[in-house]
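The values are calculated or read from the model by the stated rules, or taken from the named source; none is laboratory data. Not measured: the values here are computed from a predicted model. So basically every Cβ, Gly included, is an ideal-geometry build from the backbone, and we count neighbours across all protein chains shown. The protein model used for the area step is the full one, side chains on, heavy atoms only, and it has no ligands, DNA or RNA in it. Shrake-Rupley method; radii C 1.70, N 1.55, O 1.52, S 1.80 Å.
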Amino acid sequence: MAEIHFDINKFDLYNPPSDLVQNSYKYYSLLRTNNPVHKNPDGSFIVTSYDALVEIYRNHNLWSSDKKKEFKPKFGNSSLYEHHTTSVVFIDQPDHTRIRKIFQHAFTPRALSHIESNVDKLVESYIAEFKDKKIIDFVSEFSFRLPVDVVCDMLGVPKEDRTLIRDWARLILGALEPTLTDEAFKKGCDAVSNFKGYLKDQVSMRKRNPKLNRDGEIISTLIEAQSSGIELSEIELLHQCIFMLNAGHETSTNMLSHGIHEFINNKDQLNSLRENQNYISSAVEEILRYQPPIQVNNRINKGSTLLGGRKIPKGSSVHMIIAAANRDPKQFSDPNKFLISRQPNKHLSFGLGIHVCAGNTLARIEGKVAFLKLINAFSDFNLISKPMLANRIRFREIEKLELELTT
Ligand code: HEM
């Protein structure tokens with residue numbers, strides 16, 4: 001990798017270098033080499049080594065996911081505050097255990113095998129549309145559609161409402177970026193309110209007409225949990241649905257976009273997958289390691305502690321840079337190489353510990369089905385223009401990916 005010239009001791013996540021998104025892996029590598037537990041000017045810490053991230057994920061009694069203290073000054077009493085402090089990912093035990101247990105019903109092997117056949121059909125239908133085209137925008141025509149269709153089917157959201165859902169999700173998750181403009185804050189709040197109103201109608205419709213409920217569908221699962229006496233308030237129910245819709249698509253969309261982009265950048269690896277399709281599972285793991293769709297997770301410590309030999313005072317906020325840990329040479333040999341046969345590959349792209357991604361098996365299914373069907377339908381993929389990366393730090397998003405497809 002070409003070098004960047006920057007005094008890394010001055011790195012500030014809240015006022016980042018203008019080329020951070022373009023050169024994120026270089027900056028994160030510099031941080032990890034220089035000081036894997038770097039103090040940000042605002043007093044928070046940026047953690048970049050694999051071992052330190054694992055230590056934090058595993059010790060959930062010390063490292064809290066509860067964001068009330070952190071989000072109060074940022075979001076006030078807004079609907080964004082309500083959402084981001086109620087959803088399963090940003091709460092601690094015992095509430096976390098109670099709510100996560102309810103979700104499990106939507107991810108049983110039976111439910112997943114039903115979803116897999118749906119993924120199969122969806123991918124085939126998109127590919128059938130491409131047969132008459134030579135050039136596509138892979139993001140809007142494939143990688144965005146698949147996860148939205150899958151997760152909306154899981155929740156039971158009608159087809160005509162899916163663009164609406166995508167726009168709300170983007171605005172709600174966008175508010176989690178380290179810096180937030182007044183406009184982004186307002187739009188995020190409106191998105192939560194509109195989303196909540198929309199789901200409230202869906203829930204009351206199903207409560208009035210139980211025949212609309214389907215086995216394994218998430219809204220139905222949550223309603224059923226409520227009616228069987230499991231503690232779950234209406235507000236909790238609505239925010240878990242919003243979170244699931246958000247968590248389940250942007251991330252997978254970016255896995256698919258980055259995956260195809262890396263295959264184009266690394267044609268030897270694409271050819272090797274064509275020749276040996278048994279590599280599909282390890283290829284998906286490598287895409288996730290190499291371009292983690294979520295680049296940063298956060299925790300706050302409930303007591304002072306040592307991390308990487310550095311004292312972290314009680315109540316400190318830590319930014320866990322998954323994008324850096326996944327390329328830590330102490331854990332991965334040749335970390336900057338994209339190698340589809342990499343084994344072992346214990347990347348942290350789905351997190352670890354009690355908050356490990358609840359949809360990880362589903363995301364892996366989406367990746368395996370999509371890439372296998374795509375490489376078997378087309379003999380080559382090439383870039384028409386340079387992909388556009390969104391100016392976001394937490395989520396690594398390709399906004400547009402124009403491809404030429406060869407049959
Ligand atoms: C490639 C795709 C995906 C990636 C990279 C990803 C990544 C993550 C990560 C890193 C976390 C942990 C956050 C933390 O510890 O603070 C997480 C949590 C979660 N994800 Fe995913 N995710 C993906 C797809 C999905 C899908 C498809 C769903 C559901 C349909 C989903 C649902 C969830 C849920 C419910 C949680 C919260 C779990 C908890 O707090 O207990 N994710 N995800």
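Segment 143-177 and segment 199-271 have Cα centres separated by 9 Å. Under a Gaussian network description of the chain, with springs only between Cα atoms under 10 Å, the residue in S44, S252, S143 that fluctuates furthest is S44. Length available on full extension from K68 to I235: 0.36 nm per residue minus the Cα-Cα distance, which gives 58.5 nm. By a 1.4 Å probe calculation restricted to protein chains, E55 has an accessible surface near 90 Å², given to the nearest 10. Across segment 170-282, the volume of the C-alpha convex hull divided among the residues equals 171 Å³ per residue.
Under 5 Å from the amide H of F395 lie the amide H atoms of Q295, each residue being 5 or more positions distant or on a separate chain, with H modelled from the backbone and absent for Pro and chain starts. Considering only G197, G174, G367, the mean-square fluctuation computed in a Gaussian network model of the chain, springs between alpha carbons under 10 angstrom, is largest for G197.
What would the Debye formula give as log10 I(q)/I(0) at q = 0.09 Å⁻¹ for the alpha-carbon point model of the chain, no solvent? Each listed q corresponds, in turn, to -0.55.
For segment 260-271, the Karplus equation 6.51 cos²θ - 1.76 cosθ + 1.60, evaluated at θ = phi - 60°, returns couplings of 5, 5, 5, 5, 5, 5, 10, 5, 4, 6, 5, 5 Hz by residue, with Gly and Pro reported as x. Take the Cα of K314, step 7 Å toward its Cβ, do the same at D161, and the gap between the two points is 4.5 nm. Sorting T85, T33, T163 by accessible area puts them as T33, T163, T85; the probe is 1.4 Å, largest comes first, and only protein heavy atoms count.
For segment 16-406, the solvent-accessible area with a 1.4 angstrom probe is 42 square angstrom per residue. Near M388, the amide H atoms lying under 5 Å from its own belong to E399, K400; only residues 5 or more places off or on other chains count, and H is placed 1.01 Å from N. Measuring nothing but protein heavy atoms, the accessible surface of segment 16-406 at 1.4 Å probe radius is 51 percent carbon and sulfur. With a 1.4 Å probe rolled over the protein heavy atoms of all chains, the accessible area of L62, L164 falls in the order L164, L62, largest first. Take K337, project a point 7 Å from its Cα along the Cβ direction, then tell me which residues of segment 260-283 have their backbone nitrogen under 12 Å from it. From segment 260-283, the list is 269. Computed from the Cβ-Cβ distance with R0 of 25 Å, the FRET efficiency linking E55 to N34 stands at 0.80. Here each label is just a point 7 Å from Cα along the line to Cβ, and for Q104 and N194 those points are 3.7 nm apart.
Residues in segment 116-127 carry Karplus couplings, in order, of 4, 5, 5, 4, 3, 5, 4, 4, 4, 5, 5, 4 Hz; the curve used is 6.51 cos²θ - 1.76 cosθ + 1.60 with θ = phi - 60°, and Gly or Pro positions show x. At an R0 of 30 angstrom, the distance between the Cβ atoms of L372 and L212 translates into a FRET efficiency of 0.30. Alpha-carbon geometry of segment 264-407: the Rg and the Dmax are 17.8, 59 Å, given in that order.
Backbone amide hydrogens, once placed in the peptide plane, bring R214 within less than 5 Å of S220, excluding anything fewer than 5 places away on its chain. Among beta bridges identified by DSSP and lying wholly in segment 16-406, the antiparallel ones come to about 90 percent. Using a probe of 1.4 Å on the protein chains alone, the accessible area found for V89 is around 40 Å². Within the assembled protein chains, the solvent-accessible surface assigned to R342 is about 20 Å², based on a 1.4 Å probe. Here the gap between A390 and R274, fully extended at 0.36 nm per residue and compared with their Cα-Cα distance, gives a gain of 38.7 nm.
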